[in-house]
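As structure tokens, the structure follows; a few thoughts come after it.
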Amino acid sequence: GENVEQHPSTLSVQEGDSAVIKCTYSDSASNYFPWYKQELGKRPQLIIDIRSNVGEKKDQRIAVTLNKTAKHFSLHITETQPEDSAVYFCAASKNTGNQFYFGTGTSLTVIP
Amino acid sequence: NAGVMQNPRHLVRRRGQEARLRCSPMKGHSHVYWYRQLPEEGLKFMVYLQKENIIDESGMPKERFSAEFPKEGPSILRIQQVVRGDSAAYFCASSPPNQETQYFGPGTRLLVL
């Protein structure tokens, strides 16, 4: 089955700096890679996703890159703000209707 | 369009009791997924259902756990004879047909005493 690894497990950055979270996956058949943000005690919320036919996607301060050959994808947050502080999870799946395989999460703290 | 609804939000049970967790998917979504999250861990897949069908239950423990998604009403995750190790947050997610994106509910936090 699929194995998703996520690094780092914790990340602290100064407000205004950039944050990068990296994930690797093992199953080359995976073709959909969402990122979720989860604040303490809240539901995971989708912040951005990318499909395997695309190498990069950007939405304002958030971007995701995908390297299919190396089987890794990354989340980039620029100009970080204190409200970006949360746990971020990457995930991988193969097709519509398939389970998501989640990484173990990155706890991001943005220091004002 | 209301989001994915789950109830109860918090559930306390004593060892040996039954826990019933309910999930109402978003309107128009016919696919429901259940995930379990242990403290400070990621989400682990349990089961994937469509109306009246279990599609993939590869993540479900073989005993005490069951799930259903009837023609009418919410999806139910049922845990019989709960043990302390069942304490976790249980999230359901839903997706529309032919789309990969899954939208999560607020979760049910189960505490077994």
Checked against (1) touching a residue at least 12 places away in the same chain (Cβ under 8 Å); (2) within 16 Å of B:Thr101 (Cβ to Cβ), A:Glu2 satisfies every condition except (2)
When residues of the stretch B:82-113 are filtered for being without any contact (Cβ under 8 Å) to a residue 40 or more places away in the chain and facing another protein chain (nearest Cβ under 9 Å), how many remain?
-> 4
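For every residue, the table says whether it meets (1) more than 15 Å from B:Tyr90 (Cα to Cα); (2) without any contact (Cβ under 8 Å) to a residue 40 or more places away in the chain.
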{"residue": "B:Ser24", "(1), (2)": "no, no"}
{"residue": "B:Ser30", "(1), (2)": "yes, no"}
{"residue": "B:Trp34", "(1), (2)": "no, no"}
{"residue": "B:Gly42", "(1), (2)": "no, yes"}
{"residue": "B:Val47", "(1), (2)": "no, yes"}
{"residue": "B:Lys51", "(1), (2)": "yes, yes"}
May I ask you to verify whether A:Leu108 is within 9 Å of chain B (Cβ to nearest Cβ), among the hydrophobic types (A, V, I, L, M, F, W, C) and within 27 Å of B:Gly107 (Cα to Cα)?
-> no
Of all residues in the stretch B:55-70, count the ones that are part of a strand (DSSP E or B) and either modelled with pLDDT under 95 or away from every other protein chain (no Cβ under 14 Å) (or both).
-> 5
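The rows are residues; the columns are (1) assigned to a loop (DSSP other than H, G, I, E, B); (2) free of Cβ contacts under 8 Å to residues at least 60 places away in the same chain.
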{"site": "A:Leu11", "(1), (2)": "no, no"}
{"site": "A:Lys37", "(1), (2)": "no, yes"}
{"site": "A:Leu40", "(1), (2)": "yes, yes"}
{"site": "A:Ile50", "(1), (2)": "no, yes"}
{"site": "A:Phe73", "(1), (2)": "no, yes"}
{"site": "A:Thr104", "(1), (2)": "yes, no"}
Do we have B:Ile79 as away from chain A (no Cβ under 11 Å) and in contact with a helix residue (DSSP H, G or I) (Cβ under 9 Å, 6 or more places away or on another chain) here?
-> yes
Exclusive hit being surrounded by fewer than 15 Cβ atoms within 10 Å (Cβ to Cβ), outside any loop (DSSP other than H, G, I, E, B) and acidic (Asp, Glu), set A:Glu79, A:Glu83 = A:Glu83
Here the residues within the stretch B:5-41 that are outside any strand (DSSP E or B), within 14 Å of chain A (Cβ to nearest Cβ) and surrounded by fewer than 22 Cβ atoms within 10 Å (Cβ to Cβ) are B:Arg9, B:Met26, B:His29, B:Ser30, B:Leu38, B:Pro39, B:Glu40, B:Glu41
Within 14 Å of chain B (Cβ to nearest Cβ) and either more than 13 Å from the chain's Cα centre (by Cα) or more than 28 Å from B:Pro39 (Cβ to Cβ) (or both), is that true of A:Leu40?
-> yes
Any residue at all in the stretch A:23-34 that is closer than 19 Å to B:Phe91 by Cα and free of Cβ contacts under 8 Å to residues at least 40 places away in the same chain?
-> no
Does any residue of the stretch A:99-110 turn out to be modelled with pLDDT under 95, within 21 Å of B:Phe45 (Cα to Cα) and loosely packed, with under 15 Cβ neighbours inside 10 Å?
-> no
Here the residues within the stretch A:1-30 that are touching a Lys or Arg at 6+ places or on another chain (Cβ under 6 Å) and crowded, with 19+ Cβ neighbours inside 10 Å are A:Tyr25, A:Ser30
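The values are calculated or read from the model by the stated rules, or taken from the named source; none is laboratory data. Keep in mind the model is a prediction, meaning the values are calculated, not measured. Quick reminder, even Gly has a Cβ in these numbers, built from the backbone with ideal geometry, and neighbours come from all protein chains shown.
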